[in-house]
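S.K.: Quick one: the structure is below, questions incoming.
The values are calculated or read from the model by the stated rules, or taken from the named source; none is laboratory data. Note that the structure is a prediction, hence the values are computed from the model and not measured. Cβ coordinates were reconstructed from backbone atoms using ideal geometry, including for glycine residues, and neighbour counts include every protein chain displayed.
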Amino acid sequence: MLKKILIALGGFVLIVVSLGVYKAAQLKEMSSAPHSMPAVTVSTMAASEVNWSPSIHAIGSLAPVEGIMLSADADGTIEEIVADSGTTVNQGDLIVTFDTSVEVAQLAAAEARAELAHLQSNRATDLLGKNTISQAEADKAIAQLDQALAEVAALKALIAKKQVRAPFSGRIGIRQINAGQFVARGAPLMPLQKLDPIFVNFDIPQRQLSALSTGQSVGVTVDTFAGQKFMANVSAINSQVDASTRNIGVQATMLNPDEKLRSGMFVKVEVELPSMGTMVAVPSTAIIYASYGNSVYIVENMKDADGKEYLGARQQFVKLGATRGDLVAIIEGVKPGEQVVASGAFKLRNGVTVQVNNAVQPTSSANPTPENT
């Protein structure tokens, strides 16, 4: 019985040892087999040659070439509103008249006194020539005439102040007074603005001042007129930089014949700069930004240590240029036509095997028009 147990135990040990030896050989074979990383799936896009002019982007607002709030020059009661809200007026047109009945009566009395003073002055001059009166009496008569004439002129000026006229051609805004209303001196009456042409005021950082000059073209877009671009020209650059923001004010002039654009509108501005020549453009998603240098991955045929060819990704450091829409200009580092990784670059390292799948591509337009969600 003991002999049978020993034989069975020996057979079990033999089986266990055999399995151990087989497993060790299998593990040794697996460890000696060459290891290879799986291919990384990416999408690529050919680097294209472009020739665009760089631009400065800013936000600004519209302002009238001439614009004021008409106000009362003297106290009085509104007699008539000649030019109502929204009316187009020419320079010198009558807009508002005040009640001048008292001033007109005072003017008539002053003119009568002036006429009497004129007669007395002439009489005094004749009598002085005959040595009938003294020089002092003649001078007094002349002074009285001058005083009477000055009084007439003052009343005429007061009456003129109560007739509000347009100082320049433009469009009347919404009036703030009514006929019969008493207004004090300096009270606002109605706005008057000249809207053609119109100013575009905006600020740019001081570092971009060297690229700016009068006469440059400016593209202006307004949310009110989506898809429409208005053109202006830089007409003035401020003489000083704002010490708090380090920005400098710029003013462009734009034609506005239909007066579609109004003062105070918010606008987006694009100042076109001189062309920098031909550059290579790639999608912005291809750029890997880093403190030690920006780079892209270029997909090309490569060879492994055994000389076998495979499709791999090569990291290439680049010098970036201007950005326009979804594209970034490459000044140095990429040649036209090279296949650049457009998406999936964050998964790569230099020399890794890649698999290209261009079924889905990132947007790459110089003038993208995303939906307003």
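S.K.: Inside the range 199-215, can you point out the residues that are over 15 Å from the mean Cα position of the chain (by Cα) and on the phi < 0 side of the Ramachandran plot?
M.R.: GLN206, ARG207, LEU209, SER210, ALA211, SER213, THR214
S.K.: Still on this structure: Consider ASP242 carefully, then state whether it is exposed (fewer than 13 other Cβ atoms within 10 Å of the Cβ), of a type in the set (Asp, Glu) and either modelled with pLDDT of 90 or more or touching an Asp or Glu at 6+ places or on another chain (Cβ under 6 Å) (or both).
M.R.: For ASP242, the condition - exposed (fewer than 13 other Cβ atoms within 10 Å of the Cβ), of a type in the set (Asp, Glu) and either modelled with pLDDT of 90 or more or touching an Asp or Glu at 6+ places or on another chain (Cβ under 6 Å) (or both) - is met.
S.K.: What about GLY76, is it assigned by TED's automatic domain parsing to the domain that holds ARG262 and either β-branched (Val, Ile, Thr) or touching a strand residue (DSSP E or B) at 6+ places or on another chain (Cβ under 9 Å) (or both)?
M.R.: No: the conditions fail for GLY76.
S.K.: Can you go through LYS162, LYS194 and tell me which one is surrounded by 17 or more Cβ atoms within 10 Å (Cβ to Cβ), in contact with a helix residue (DSSP H, G or I) (Cβ under 9 Å, 6 or more places away or on another chain) and either modelled with pLDDT of 90 or more or over 17 Å from SER263 (Cα atoms) (or both)?
M.R.: The match here is LYS162.
S.K.: Tell me, which strands (runs of 3 or more DSSP E) lie completely within the range 258-337 with 2 or more residues that are without any contact (Cβ under 8 Å) to a residue 60 or more places away in the chain?
M.R.: Hits in the range 258-337: 295-303, 309-317, 319-324, 327-332.
S.K.: Continuing with the same structure: So, in the range 250-309, how many residues would count as being crowded, with 17+ Cβ neighbours inside 10 Å, within 30 Å of LEU192 (Cα to Cα) and among the hydroxyl-bearing types (Ser, Thr, Tyr)?
M.R.: Summing the residues that are crowded, with 17+ Cβ neighbours inside 10 Å, within 30 Å of LEU192 (Cα to Cα) and among the hydroxyl-bearing types (Ser, Thr, Tyr) in the range 250-309 gives 1.
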